[in-house]
Amino acid sequence: MLKTTISPIFSSFTCKPKTSRLIFQAFSKVVLQNTPPSARRNASTNLTTLHQGPPTSAYVHLPFCRKRCHYCDFPILALGTSSSSLTSPSNVYEEGKEDDPRITNYVNLLVREIQATRTDYDTNPNLETVFFGGGTPSLVPPKLVSLILETLSLNFGLSPDAEISMEMDPGTFDGQKLKELMKLGVNRVSLGVQAFQDELLKACGRAHGVSQVYEAIEFVKECGVENWSMDLISSLPHQTLEMWEESLRLAIESQPNHVSVYDLQVEQGTKFGNLYTPGQSPLPSETQSAEFYKTASSMLRGAGYEHYEVSSYSKDGFKCKHNLKYWKNKPFYAFGLGSASYVGGLRFSRPRRLKEYTNYVADLENGAANWCGNGDVDLKDVATDILMLSFRTSKGLELKEFGEAFGSEVVKSICKVYEPYVESGHIVCLDDMRSEVMSDEFQTLVANDEVEIEDHVRYLRLKDPDGFLLSNELISLAFGVVAP
């Protein structure tokens, strides 16, 4: 399950950035309230270019896990290692074997939610991406995955070349199951390795060991999965720089097309949240965490991976199309326990508890619930979402588009506050051809009230890695100047 934060190093996992919500609260009384009238008018008239139109992506939450990891605060359903579907990966696929009723009942509920989701769009383009997140989606039997895909196809249409991704954990699948999933259309695997040291995996409460990691990698390669990603986590308890370098080296040697690198976030209510304080031993210090991030950037880029998003590295042609929808602030459907959709400029989160989610689906079927949320589009959320999500990417913030939506005065204000960071090299300015605009030229443009700076500077982006490491501060500055 995708979770984005803007702590010094962004981590992944819910569709709605968690840290952004805290910042929304901090600025809720000022963002866009005092902006020039032209900015507010432009925002109202240009929102259609930013988020309107029917979604072409769907996130599907499959919450099942063998057990809860010590850092996890996602809505999951822990099945336990004695579940009939968990005895061993190969046993899951024996013909006629009874499926775990908890999985079957949930999938039936999920299918009901999809069927009850009705859109008011004149046309509904086929889905271009589907992402099965969790939880551990690879615990779900293929025939139930098939049922979900068939329901999505009937309700929304599914492009023949759609990217269909599935998060899979070592020890929860074998070659037979993977081949069955590929026949259904799953063509991208996100393998949750997290670390290549047994002691770290055990300390995190992961249900797999390093031997199962190598076994899973072999399954992926033997089955001919052409598009697969590997997840790693840095800043784990007792993790050293040498351990991190080893994990990165072994990941590179495994030759995935994509690598996602997440910095551990210690969440309240988790086992780690009860045991540890961020920045204090046995967790790394902030300086050590920054070094982990710099090391990942250096090693992965040196191995030919493009650092296209703050947590994401890919070989040429293998960026995650689904996640790019998030970073571009495009609309998307979401289905399942705790999932968050973004449709018509509104984000809507489904209940995190199974009983409440069951009631929500029943209300949806009866017309008593609105699947895309209620209320008007909040301009401050639109502006802050665009700023945060754009600065996550190597492309950066597109100033001309932002200026057309919120006014040139807002763009000028953002550029003014960023002047010292352009000079220090933490922020990079690019023109239409993505050639760098040097600091002195940028300062001249900012000082000239007769020009619209977005006609000369097309993009602002955070420098890799130093700018990304200051992302919290830099993005907060942009939020603040939208409405001084």
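The values are calculated or read from the model by the stated rules, or taken from the named source; none is laboratory data. A quick note: this is a predicted structure, and the numbers were derived from the prediction, not measured. Reconstructed Cβ throughout: ideal geometry from the backbone, glycine too, with neighbour counts over all protein chains shown. All accessible areas refer to the heavy atoms of the entire protein, side chains included, with ligands and DNA or RNA removed. Shrake-Rupley method; radii C 1.70, N 1.55, O 1.52, S 1.80 Å.
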**Message:** Take the conditions open to solvent by less than 60 Å² (accessible area, probe 1.4 Å), modelled with pLDDT of 95 or more and of a type in the set (Gly, Ala, Ser) and apply them to Ser439. Does it pass?
**Reply:** yes
**Complete:** Exactly one of Gly269, Gly205, Gly279 is open to solvent by less than 10 Å² (accessible area, probe 1.4 Å) and at pLDDT below 95, and that residue is Gly205
**Prompt:** Taking only pairs six or more apart or across chains, which ones have beta-carbon atoms under 7 Å, a first residue in region 207-230 that is acidic (Asp, Glu), and a second residue that is crowded, with 19+ Cβ neighbours inside 10 Å?
**Reply:** Glu215/Pro170
**Complete:** Checked region 321-333 for anything of a type outside the set (A, V, I, L, M) and closer than 17 Å to Phe391 by Cα; matches are Asn323, Lys325, Tyr326, Trp327, Lys328, Asn329, Lys330
**Message:** Anything in region 165-181 that is on the phi < 0 side of the Ramachandran plot and open to solvent by 10 Å² or more (accessible area, probe 1.4 Å)? List them, or say none.
**Reply:** Glu167, Asp169, Asp174, Gly175, Gln176, Lys179, Glu180
**Fill in**
Just one listed residue, out of Ser413, Ser390, Ser408, is of a type in the set (Ser, Thr, Tyr) and within 14 Å of Asp455 (Cα to Cα), and it is Ser408
**Request:** Would you mention how many residues in region 300-319 are among the aromatic types (Phe, Trp, Tyr) and farther than 17 Å from Pro465 by Cβ?
**Result:** 1
**Prompt:** Does Lys294 meet the test of being among the basic types (Lys, Arg), open to solvent by 70 Å² or more (accessible area, probe 1.4 Å), assigned to a helix (DSSP H, G or I) and touching a residue at least 24 places away in the same chain (Cβ under 8 Å)?
**Reply:** yes
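What's the total number of residues in region 442-480 that are in a helix (DSSP H, G or I), open to solvent by 30 Å² or more (accessible area, probe 1.4 Å) and within 26 Å of Val310 (Cβ to Cβ)?
Selection size over region 442-480: 5.
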**Fill in**
Selection from region 235-262 of residues assigned to a helix (DSSP H, G or I), touching a residue at least 12 places away in the same chain (Cβ under 8 Å) and open to solvent by 60 Å² or more (accessible area, probe 1.4 Å) yields Glu245, Glu246, Arg249
**Request:** Residue by residue through region 397-410, note down the ones that are buried (at least 21 other Cβ atoms within 10 Å of the Cβ) and touching a strand residue (DSSP E or B) at 6+ places or on another chain (Cβ under 9 Å).
**Result:** Leu397, Leu399
**Prompt:** In region 393-409, is there at least one residue being under 23 Å from Ala296 (Cα atoms) and touching a His at 6+ places or on another chain (Cβ under 7 Å)?
**Reply:** yes
**Message:** Take residues that are under 18 Å from Leu110 (Cβ atoms) and touching a residue at least 12 places away in the same chain (Cβ under 8 Å) and tell me which of the helices (runs of 4 or more DSSP H) falling wholly in region 309-391 contain 3 or more.
**Reply:** 354-365
**Complete:** Every listed condition ((1) under 22 Å from Phe391 (Cβ atoms); (2) open to solvent by 10 Å² or more (accessible area, probe 1.4 Å); (3) among the polar types (S, T, N, Q)) holds for Ser311 save (2)
**Request:** Consider only pairs whose beta carbons are under 7 Å apart and that are at least six residues apart or on different chains; among these, list those whose first residue lies in region 274-286 and is under 18 Å from Leu200 (Cα atoms) and whose second residue is open to solvent by 70 Å² or more (accessible area, probe 1.4 Å) and not in a loop (DSSP other than H, G, I, E, B).
**Result:** Gly279/Glu286
**Request:** Run down Thr119, Thr129 and say which single residue is touching a residue at least 60 places away in the same chain (Cβ under 8 Å) and touching a His at 6+ places or on another chain (Cβ under 7 Å).
**Result:** Thr129
**Asked** How many residues does region 342-357 hold that are open to solvent by less than 50 Å² (accessible area, probe 1.4 Å) and either among the hydroxyl-bearing types (Ser, Thr, Tyr) or at negative phi (or both)?
**Response** 7
**Request:** Please specify each residue of region 112-141 satisfying the condition of being open to solvent by 10 Å² or more (accessible area, probe 1.4 Å) and in a helix (DSSP H, G or I).
**Result:** Arg112, Gln115, Ala116
**Request:** Taking Gly175 as the residue in question, decide whether it is in contact (Cβ under 8 Å) with a residue 40 or more places away in the chain, in contact with a Cys (Cβ under 6 Å, 6 or more places away or on another chain), in the same structural domain as Gln212 (by the TED database) and within 29 Å of Arg353 (Cβ to Cβ).
**Result:** no
**Complete:** By residue number, the members of region 413-434 that are under 11 Å from Val457 (Cβ atoms), outside any strand (DSSP E or B) and open to solvent by 10 Å² or more (accessible area, probe 1.4 Å) are Val422, Asp431, Asp432
